[in-house]
Amino acid sequence: MENWVTVSPHRMKRPWKGQVEKPEEAVIPRYDPSNSLCPGNTRSSGKVNPQYEGTFLFDNDFPALLKDGPSPPPNSDPLFQSAPAYGACQVMCFHPHSDLTLPLMSQSEVREVINKWAEINIDLGKKYTWVQIFENKGNIMGCSNPHPHCQVWASSYLPNDPATKHRTQKAYYDKHQVPMLVDYVKKELQNKERVVLENEHWVWLVPYWAVWPYETMLLPKRHVLRLQDLTPDERDALADIMKKLLTKYDNLFEVSFPYSMGWHGAPTGEYLQEDNSHWQLHALYFPPLLRSATVKKFMVGYEMLAQSQRDLTAEQAAEKLLSLPDVHYKSRKS
């Protein structure tokens, strides 16, 4: 990504008298008649959810991107440039029960979520250049509803971060004749310094360039461009490792671990007709918690004005995650 990260592990010893977050809600009801995402309930738009029993996908009632609209007039001034932005926004519920997060769902239920993600990428990818599937989990990440769900924003343009990845991965591929992240995974598997989990088809690791304290990346071992390109066996293995990695996250501070996550793969739309061999599918997890369930990492000051800074090394984070139990803390206490 052409950026540096300042690593300052000695700062973990500093005393903390700053903001302390409220713990996540301890008990979430399985069904809440006032929750707009529960089966059979009415959303703010007046639309009624079906009595869904698996995943449920619907158009966002408050979309950030609209399917059509006026185009801005051209401007010859290079400092005041605008361009049209069209798209579609959707919400996908993972499960009908509000008290089940992904690590608490069965592996077959997680597999159903993965299948739906692939379907969405195919459907919206026919029309839109970029399909961003992402999950904001927890109040600390701005999630306004505890029901297990994610969002999809599909856009007519390639957003900033994917555009940078498109360019840098292409440059690496042209120079080395191998996809950057395929080469990277091979090297990480050789030294094992930052690998947390792996199975036959997937690797979960703390990337060398991680910014957030327990930031991780999930990658296939095979060269894969998009979610829909995963084989049935790879989807089974993905459900397995996702459930395990999210269990470790929850076990870190024995809390329903907050994060923002999302999938990055080769662009769609007009890019479906182009060679995107330089791309490699991967998922990114950005958790904010640093020391406990109530103390988070703030990206302010130096991070906003100079460059990113982290308070523990990638290797320390990987070692900590690796040491955590594979059984969810709620199961151990029951």
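The values are calculated or read from the model by the stated rules, or taken from the named source; none is laboratory data. These numbers come from a predicted model, not from an experiment. Neighbour counts are summed over all protein chains in view; Cβ atoms, including those assigned to glycine, are modelled from backbone coordinates with ideal geometry. Side chains included, ligands, DNA and RNA excluded: accessible areas come from the protein's heavy atoms. Shrake-Rupley method; radii C 1.70, N 1.55, O 1.52, S 1.80 Å.
Just checking, which of 193, 200 is open to solvent by 40 Å² or more (accessible area, probe 1.4 Å), in contact with a helix residue (DSSP H, G or I) (Cβ under 9 Å, 6 or more places away or on another chain) and without any contact (Cβ under 8 Å) to a residue 60 or more places away in the chain? Can you show your working first?
Working: 193 fails: without any contact (Cβ under 8 Å) to a residue 60 or more places away in the chain.
Answer to the selection: 200.
Mind listing whichever residues of the range 249-265 are in a loop (DSSP other than H, G, I, E, B) and of a type in the set (S, T, N, Q)?
Here is the first cut: in the range 249-265, the ones in a loop (DSSP other than H, G, I, E, B) are 254-258, 265.
The answer is 256, and nothing else.
Out of the residues in the range 134-157 meeting the condition of being assigned to a loop (DSSP other than H, G, I, E, B) and not polar (S, T, N, Q), tell me which one is nearest to residue 38 (Cα to Cα).
If we filter the range 134-157 for residues that are assigned to a loop (DSSP other than H, G, I, E, B), which is where we start, we get 138, 142-148, 156-157.
With not polar (S, T, N, Q) added as a condition, the list becomes 138, 142-143, 146-148, 157.
On the way: 138: 17, 142: 19, 143: 16, 146: 10, 147: 7, 148: 10, 157: 33 Å.
Restricting to residues being assigned to a loop (DSSP other than H, G, I, E, B) and not polar (S, T, N, Q), the top hit is 147.
Every residue, every condition in (1) over 21 Å from residue 121 (Cβ atoms); (2) modelled with pLDDT of 95 or more, yes or no:
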| site | (1), (2) |
| --- | --- |
| 213 | yes, no |
| 216 | yes, yes |
| 219 | no, yes |
| 242 | no, yes |
| 268 | no, yes |
| 284 | no, yes |
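Table: residues versus (1) modelled with pLDDT under 90; (2) open to solvent by less than 20 Å² (accessible area, probe 1.4 Å); (3) within 16 Å of residue 246 (Cβ to Cβ); (4) in a loop (DSSP other than H, G, I, E, B).
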| position | (1), (2), (3), (4) |
| --- | --- |
| 300 | yes, no, no, yes |
| 304 | yes, no, no, no |
| 315 | no, no, no, no |
| 320 | no, no, yes, no |
| 326 | no, no, yes, yes |
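Any chance the range 161-179 includes a residue that's touching a Ser or Thr at 6+ places or on another chain (Cβ under 6 Å), farther than 28 Å from residue 83 by Cα and aliphatic (A, V, I, L, M)?
Kept after step one, since they are touching a Ser or Thr at 6+ places or on another chain (Cβ under 6 Å), are these residues of the range 161-179: none.
No; the residues of the range 161-179 include none that is touching a Ser or Thr at 6+ places or on another chain (Cβ under 6 Å), farther than 28 Å from residue 83 by Cα and aliphatic (A, V, I, L, M).
On the given criteria, is residue 259 surrounded by 15 or more Cβ atoms within 10 Å (Cβ to Cβ), within 21 Å of the chain's Cα centre (by Cα) and not aliphatic (A, V, I, L, M)? Step through it out loud before you land on a result.
Numbers: surrounded by 15 or more Cβ atoms within 10 Å (Cβ to Cβ): yes; within 21 Å of the chain's Cα centre (by Cα): yes; not aliphatic (A, V, I, L, M): yes.
Criteria met by residue 259.
Starting from residues that are in a loop (DSSP other than H, G, I, E, B) and aliphatic (A, V, I, L, M), keep the ones in the range 276-298 and report whichever is surrounded by the fewest Cβ atoms within 10 Å (Cβ to Cβ).
First, pick out the residues of the range 276-298 that are in a loop (DSSP other than H, G, I, E, B): 276-281, 287-288, 290-295, 297-298.
Filter once more, so that each one left must be aliphatic (A, V, I, L, M): 281, 290, 293, 295.
Numbers: 281: 22, 290: 19, 293: 19, 295: 16.
The extreme case among them is 295.
Given the criteria open to solvent by 60 Å² or more (accessible area, probe 1.4 Å), touching a residue at least 24 places away in the same chain (Cβ under 8 Å), farther than 23 Å from residue 309 by Cβ and in contact with a helix residue (DSSP H, G or I) (Cβ under 6 Å, 6 or more places away or on another chain), does residue 254 qualify?
On the way: open to solvent by 60 Å² or more (accessible area, probe 1.4 Å): yes; touching a residue at least 24 places away in the same chain (Cβ under 8 Å): yes; farther than 23 Å from residue 309 by Cβ: yes; in contact with a helix residue (DSSP H, G or I) (Cβ under 6 Å, 6 or more places away or on another chain): yes.
Yes, satisfied.
Residues in the range 59-78: is at least one in contact with a Pro (Cβ under 9 Å, 6 or more places away or on another chain), surrounded by 15 or more Cβ atoms within 10 Å (Cβ to Cβ) and closer than 18 Å to residue 133 by Cα? Working first, answer last.
The initial filter retains those residues of the range 59-78 that are in contact with a Pro (Cβ under 9 Å, 6 or more places away or on another chain), namely 69-72.
Adding the requirement that they be surrounded by 15 or more Cβ atoms within 10 Å (Cβ to Cβ) leaves none.
No: zero hits.
I'd like to check something: does the range 45-57 contain any residue that is touching a Ser or Thr at 6+ places or on another chain (Cβ under 6 Å), without any contact (Cβ under 8 Å) to a residue 60 or more places away in the chain and part of a loop (DSSP other than H, G, I, E, B)?
Filtering the range 45-57 down to residues touching a Ser or Thr at 6+ places or on another chain (Cβ under 6 Å) leaves 48.
Now narrow it down to the ones that are without any contact (Cβ under 8 Å) to a residue 60 or more places away in the chain: 48.
Filter again for part of a loop (DSSP other than H, G, I, E, B), leaving none.
Among the residues of the range 45-57, not one is touching a Ser or Thr at 6+ places or on another chain (Cβ under 6 Å), without any contact (Cβ under 8 Å) to a residue 60 or more places away in the chain and part of a loop (DSSP other than H, G, I, E, B), which makes the answer no.
Checking the structure you have, find out if any residue of the range 101-120 is part of a helix (DSSP H, G or I), open to solvent by less than 10 Å² (accessible area, probe 1.4 Å), of a type in the set (Asp, Glu) and touching a residue at least 12 places away in the same chain (Cβ under 8 Å).
The answer is no, given that none of the residues of the range 101-120 is part of a helix (DSSP H, G or I), open to solvent by less than 10 Å² (accessible area, probe 1.4 Å), of a type in the set (Asp, Glu) and touching a residue at least 12 places away in the same chain (Cβ under 8 Å).
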